[in-house]
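Undergrad: Input: one structure, supplied below.
The values are calculated or read from the model by the stated rules, or taken from the named source; none is laboratory data. Since this is a predicted model, take the numbers as computed values, not measurements. For neighbour counting, all protein chains shown are included, and Cβ atoms are generated from backbone atoms with ideal geometry for every residue, glycine included. Note: accessible area is taken over every heavy atom of the protein model, side chains too, but ligands, DNA and RNA are not part of it. Shrake-Rupley method; radii C 1.70, N 1.55, O 1.52, S 1.80 Å.
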Amino acid sequence: MKYLLLLALFLISSAGLGQNSVSIIPAPNQMKKGQGVFQLFAEIEIKADTGLAFESKYLKSVIDNYFQENASNGISKRKNEIKLLLSKTDINKEAYELEINNDKIVVSASNSAGIFYGIQSLQQLLITADNGKLPEMKIMDSPRFEWRGMHLDCSRHFFSVEEVKKYLDYMSMYKMNNFHWHLTEDQGWRIEIKAFPRLTEIGAWREGTMVGKYDNQEYDSIRYGGFYTQEEIKEVVKYAQERHINVVPEIEMPGHSLAALAAYPHLSCTGGPFKVARGWGVFEDVYCAGNEEVFEFLEAVMDEVLALFPSEYIHIGGDESPKNRWENCDKCQRRIIQEGLKNEHELQSYFIQRMERYLNAKGRKIIGWDEILEGGLAPNAAVMSWRGTEGGIAAAKQSHFVVMSPGSPCYFDHYQVENIENEPLAIGGYNPLHKVYAYEPIPDALNPSESGFILGAQGNVWTEYMKTFSQVEYMAIPRMLALSEVLWSQVEVKNYEDFLNRLKINTKILDRMEVNYCDHFLNEMR
């Protein structure tokens, strides 16, 4: 009878915990609160199923960090336990259950990813644990969307391996699972390709950089650049995989390719010569679509890329590719005639489809910016919709998978406040935290069947105006956290005021990690 009474009390104590009583971001989708308390002791025993070595080690570091910060609180040295269990239940591989009883904590999932996410929720609960005391509760959680992405442009400005790892740490803490790594651009080629050493000998370095506002057209004369060796790429990919993050490399084509053309000018329509771009914007010189050597080059590049990145999707860019050079190129015009194409837009479609066939034959899929719709979408391509939602809607209606990333509100290089007088220089725009939080990735124009093609969404961090990683942090966080809740939590669970309260609590973790986050959200709470 006593057991039944306790069970009844557990079940009726709110179908959700009441979001204001926990500090977890993104908000869990189902929670139930019990009556008791779990007392965490420093001498914790972690019992983990086979295959959870990294998760067990990670959890141990979480517990150690807690007691380093709370060492003077007189917490007993008694032992208790946390269990990490792989259940046989056939559920979403990212779903987890976190059960806190008075004598133990159990994190269970069907996959190590779910276990890892359960640990992340536990880590955030510890922020508000008073002397190691956690309330009894049960969390049953799984993500709303499968693609929860963040992008980082390492071509306009270059960031070290350790800085990229920090970015991955922030992503993993808030259950983001796709890292879009922008590695090639007009302003710098950042990945070692052994078959083409000039890509990093020449393409990775520029003789100066635009300074100040774009309209001023002013430049310094400081040689700038850098690149990742293949061993460093492997190191980052492994680090991400351990944290259940897929790394999607972007190798731009046919436009945004000036750095590659500076190294190998014969791949252009004019033959060059070229210099790696110092300034920002869109440049007319692109890969020549009529030159067979271009495809041989790109296929060889992709062979090395595929060996480094296990991602199912490879991003091939496809955006902002001017057609001027193609219009005046004999080889490109000959290709249009030979292939029975109508115009240069169809020539770009030919270019993308040809590269897609090559990657499909290697067991991979392409994803590109929404310009790849122009001239006809490649048969198996996924679309990243950035120029609003129209591209994503069009692709979904054609039964193609879509990642939504519209400039408003998903471009985190845009300003966060209306009064920019004391803000670091940015490209423009206005994407405040509340606007990101209010975003709904599934457009109203799609019916339920078409909506199934929306994989999720992504925040983009373009770095023309971000010279340091500290500035990247400032622009990305806390907007990354708001987007994480958009993509993980069901709509009915979300509440902006409550999110702000949880965000304020989470700054304790961010402060410990020395993150240069933007704190303007505190003004909304006054």
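Undergrad: Only one of (1) farther than 21 Å from Glu146 by Cα; (2) in contact (Cβ under 8 Å) with a residue 12 or more places away in the chain; (3) open to solvent by 40 Å² or more (accessible area, probe 1.4 Å) is not met by Glu514, so which one is it?
TA: It fails just one condition, (2).
Undergrad: Considering each of Arg325, Arg364, Arg354 in turn, give the residue that is within 19 Å of Val286 (Cβ to Cβ), open to solvent by 10 Å² or more (accessible area, probe 1.4 Å), in contact (Cβ under 8 Å) with a residue 40 or more places away in the chain and under 30 Å from the mean Cα position of the chain (by Cα).
TA: Step by step, each of Arg325, Arg364, Arg354 is checked, and only Arg354 is within 19 Å of Val286 (Cβ to Cβ), open to solvent by 10 Å² or more (accessible area, probe 1.4 Å), in contact (Cβ under 8 Å) with a residue 40 or more places away in the chain and under 30 Å from the mean Cα position of the chain (by Cα).
Undergrad: So if I check each of Pro379, Pro424, which one is modelled with pLDDT under 95 and open to solvent by 30 Å² or more (accessible area, probe 1.4 Å)?
TA: One residue alone meets the criteria, Pro379.
Undergrad: Residue check, Ser408 against (1) surrounded by 15 or more Cβ atoms within 10 Å (Cβ to Cβ); (2) within 16 Å of Met150 (Cα to Cα), all met but one. Which one?
TA: Of everything listed in (1) surrounded by 15 or more Cβ atoms within 10 Å (Cβ to Cβ); (2) within 16 Å of Met150 (Cα to Cα), Ser408 misses just condition (1).
Undergrad: Are any residues in the range 281-292 open to solvent by less than 20 Å² (accessible area, probe 1.4 Å), in contact (Cβ under 8 Å) with a residue 60 or more places away in the chain and in a loop (DSSP other than H, G, I, E, B), and if so, which ones?
TA: Once the filter is applied, which keeps residues that are open to solvent by less than 20 Å² (accessible area, probe 1.4 Å), in contact (Cβ under 8 Å) with a residue 60 or more places away in the chain and in a loop (DSSP other than H, G, I, E, B), the range 281-292 yields only Ala289.
Undergrad: Please enumerate the residues belonging to the range 255-280 that are surrounded by 23 or more Cβ atoms within 10 Å (Cβ to Cβ), among the hydroxyl-bearing types (Ser, Thr, Tyr) and over 26 Å from the mean Cα position of the chain (by Cα).
TA: Correct list: Ser268 only.
Undergrad: Here's a follow-up. Do the conditions hold for Leu341, that is, is it of a type in the set (A, V, I, L, M) and closer than 25 Å to Pro197 by Cα?
TA: Spelling it out, it is not the case that Leu341 is of a type in the set (A, V, I, L, M) and closer than 25 Å to Pro197 by Cα.
Undergrad: Enumerate the strands (runs of 3 or more DSSP E) found wholly within the range 204-258, keeping only those where 1 or more residues are of a type in the set (Asp, Glu).
TA: Per the criteria, 205-207, 246-253.
Undergrad: Then there's this: Assuming Thr50 fulfils every condition listed in (1) at pLDDT 90 or above; (2) in contact with a helix residue (DSSP H, G or I) (Cβ under 6 Å, 6 or more places away or on another chain); (3) not aliphatic (A, V, I, L, M) apart from one, which condition is it?
TA: Of (1) at pLDDT 90 or above; (2) in contact with a helix residue (DSSP H, G or I) (Cβ under 6 Å, 6 or more places away or on another chain); (3) not aliphatic (A, V, I, L, M), only one is false for Thr50: (2).
Undergrad: Now a separate question. Tally the residues that are touching a strand residue (DSSP E or B) at 6+ places or on another chain (Cβ under 6 Å) and closer than 15 Å to His520 by Cβ, restricting the search to the range 458-479. Please lay out each step first, then the result.
TA: In the first step, residues of the range 458-479 are kept if they are touching a strand residue (DSSP E or B) at 6+ places or on another chain (Cβ under 6 Å); the result is 458-463.
Subsequent filtering for residues that are closer than 15 Å to His520 by Cβ retains none.
Summing the residues that are touching a strand residue (DSSP E or B) at 6+ places or on another chain (Cβ under 6 Å) and closer than 15 Å to His520 by Cβ in the range 458-479 gives 0.
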